[in-house]
Amino acid sequence: MKKKFETRVIHEGQIPEKEFGSISKPIYQTSTFKQNDFAEYIYDYSRAGNPTRTDLETNIASLEEGTGSAMYASGMAAISATLTLLKSGEHIISNYNVYGGAFRLIDKILSNMGIQVSWVDTSSIDQIESALKNNTRMILIETPTNPMMQLADIKAVSEFSKSNNLISVVDNTFMSPYFQRPLTLGADLVVHSTTKYINGHSDVIGGVVVSKNESLLEQLHFIQMSVGAVPSPFDCWLTQRSIKTLALRMKAHNKNAMLIARELENNTKVDRIYYPGLESHPQHDLAKKQQLDPDGNPAFGGMISIELSNIEKARKFVKNLKIFILAESLGGVESLVCHPASMTHASLPEEVRSKIGLSDGLVRLSVGVEHVDDLLKDINSALSKI
Ligand SMILES: *Cc1c(COP(=O)(O)O)cnc(C)c1O
């Protein structure tokens, strides 16, 4: 019988090394490999493949219930590899609240190469359907979105995608495979910025695409090797070491964020809070249905966005925080705070920002795994000063 997530995350791809029995597998920090005869080898060159990378790909594929995965040098390299599956003249449907970097890649680079796009609200199948064209090949969604925490129904999108012969892609960075496994809901591809929860220690940039479709996996490995946006063996090793605590970390992120969200909901300084774990979230029922830990318990992750009316209040709040650090990125053990309008989402056009409600007063919290009492004290004290 298949082992449980908490066991696989530690052991999958981590068979102790043969020569000395080292429990922590050594890093294959090499660019090339000795061949026994002409073209007789297991690995030939580390851009094409490396044992440390393969181990991590095996591990993550197992966590996402895929049959394989391809690691890339960043989350953006993973998304860009996915979009490279398309040909010039083809069309993609995505959410206008997709990750800012993905928006920029499609809007500023792929559009020059003949890839067409329709930006819609992917929480609505009707909107997706009305954007469908004869040349549509792919749907790219993110759920929950960053930073508005808007959900898309993965199962419904995947079914729509299947019945129209499209490739469905889910950016699962915010939930991690511990809390959401899109392939089990019918998605064709899952992408992650492994920089975030999967590595979880704010010290490696990386990305991955997972699937159980052998033909797509073969193409993704071909793109990985041909384009060359591969992670170093050392980065793969660090990520492999960090992923072992993914289940423990995600539980702690989720627990802390839930407690903080409940308290913020009652703070009059906060105009609005976006967290799928609150009953007040418009898609709370969907969150309870599709965001599940491996035992089937609903989970909502560690990301919270709050509306503080205007940029002056947002700035004052951030300046008065002592534990939450002002920085881009998310999903690390340490709590971070970010001002999306000027930081992560500065590349979104003003009209798109206002359309999705991403105002200048919006602040995003990446709740870490510190003691929740200290985090609450920090937030409450900073709020009391605005
Ligand atoms: C950070 C992030 C990315 C991009 O990943 P990088 O590792 O920074 O290239 C893509 N999607 C989401 C949801 C992210 O948060």
(request) Please indicate, with yes or no, whether at least one residue in segment 300-308 is within 16 Å of the ligand (Cβ to nearest atom), modelled with pLDDT of 95 or more, of a type in the set (Ser, Thr, Tyr) and touching a Lys or Arg at 6+ places or on another chain (Cβ under 9 Å). (result) yes
(request) Go through segment 365-379 and give me each residue that's open to solvent by less than 40 Å² (accessible area, probe 1.4 Å), in contact with a helix residue (DSSP H, G or I) (Cβ under 7 Å, 6 or more places away or on another chain) and away from the ligand (no atom under 16 Å from the Cβ). (result) Val372, Leu375, Leu376, Ile379
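Going through Ile92, Ile128, Ile109, Ile115 one at a time, which residue ends up being within 23 Å of Met225 (Cα to Cα), away from the ligand (no atom under 12 Å from the Cβ) and open to solvent by less than 30 Å² (accessible area, probe 1.4 Å)?
Details: Ile92 fails: within 23 Å of Met225 (Cα to Cα); Ile128 fails: within 23 Å of Met225 (Cα to Cα); Ile109 fails: open to solvent by less than 30 Å² (accessible area, probe 1.4 Å).
When all the criteria are applied, what remains is Ile115.
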(request) List the number of the failed condition for Arg262; all other conditions in (1) open to solvent by 90 Å² or more (accessible area, probe 1.4 Å); (2) at pLDDT below 95 hold. (result) (2)
(message) Looking only at residues that are open to solvent by 30 Å² or more (accessible area, probe 1.4 Å) and touching a Leu at 6+ places or on another chain (Cβ under 7 Å) in segment 68-86, which one is nearest to the ligand (Cβ to nearest atom)?
(response) Met76
(request) Would you point out the residue of segment 131-146, among those that are among the aliphatic types (A, V, I, L, M) and closer than 15 Å to Gly89 by Cα, that is least open to solvent (accessible area, probe 1.4 Å)? (result) Met138
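I need the full set of residues from segment 24-43 which are among the aliphatic types (A, V, I, L, M) and either closer than 22 Å to His11 by Cα or modelled with pLDDT under 95 (or both), in order please. Talk me through it step by step, then tell me what you get.
Let us first name the residues in segment 24-43 that are among the aliphatic types (A, V, I, L, M), namely 27, 39, 42.
Correct list: Ile27, Ala39.
Please go through segment 252-287 and pick out each residue that is without any contact (Cβ under 8 Å) to a residue 12 or more places away in the chain and closer than 24 Å to Glu370 by Cα. Write out each step before concluding.
Looking only at segment 252-287, we keep the residues that are without any contact (Cβ under 8 Å) to a residue 12 or more places away in the chain, and these are 266, 268, 279, 282, 284-285.
Hit for segment 252-287 is Asn266, nothing else.
Identify all residues within segment 131-146 that are in a loop (DSSP other than H, G, I, E, B) and more than 15 Å from the ligand (Cβ to nearest atom); write none if there are none.
The first filter runs over segment 131-146 and keeps only residues in a loop (DSSP other than H, G, I, E, B), leaving 132-135, 143-146.
Within segment 131-146, Leu132, Lys133, Asn134, Asn135 meet the criteria.
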(request) Only residues that are within 16 Å of the ligand (Cβ to nearest atom) and among the β-branched types (Val, Ile, Thr): list them for segment 322-341, please. (result) Val337
(message) Condition first: open to solvent by less than 10 Å² (accessible area, probe 1.4 Å) and part of a loop (DSSP other than H, G, I, E, B). Can you find one or more residues in segment 205-226 that meet it?
(response) yes
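Is it the case that segment 188-199 has a residue that's open to solvent by 10 Å² or more (accessible area, probe 1.4 Å), closer than 22 Å to Leu286 by Cα and not in a helix (DSSP H, G or I)?
Initially, segment 188-199 is screened for residues open to solvent by 10 Å² or more (accessible area, probe 1.4 Å), giving 188, 193, 195-196.
Narrowing the set further to residues that are closer than 22 Å to Leu286 by Cα leaves 188.
Now drop any that are not not in a helix (DSSP H, G or I), which leaves 188.
Checking segment 188-199: at least one residue is open to solvent by 10 Å² or more (accessible area, probe 1.4 Å), closer than 22 Å to Leu286 by Cα and not in a helix (DSSP H, G or I).
Considering only residues that are in a loop (DSSP other than H, G, I, E, B) and either away from the ligand (no atom under 16 Å from the Cβ) or touching an Asp or Glu at 6+ places or on another chain (Cβ under 9 Å) (or both), which ones fall in segment 147-184?
So the first thing to find is which residues in segment 147-184 are in a loop (DSSP other than H, G, I, E, B), and the list is 147-153, 164-166, 172-175, 180-181.
Passing the criteria: Gln150, Ala152, Asp153, Asn164, Asn165, Leu166, Asn172, Thr173, Phe174, Arg181.
The values are calculated or read from the model by the stated rules, or taken from the named source; none is laboratory data. If you're wondering where the values come from, they're calculated on a predicted model, not measured in any experiment. Don't worry about glycine lacking a Cβ; one is built from the backbone with ideal geometry, like all the others, and counts go over all protein chains shown. These accessible areas exclude ligands, DNA and RNA; they are computed on the full protein's heavy atoms, side chains included. Shrake-Rupley method; radii C 1.70, N 1.55, O 1.52, S 1.80 Å.
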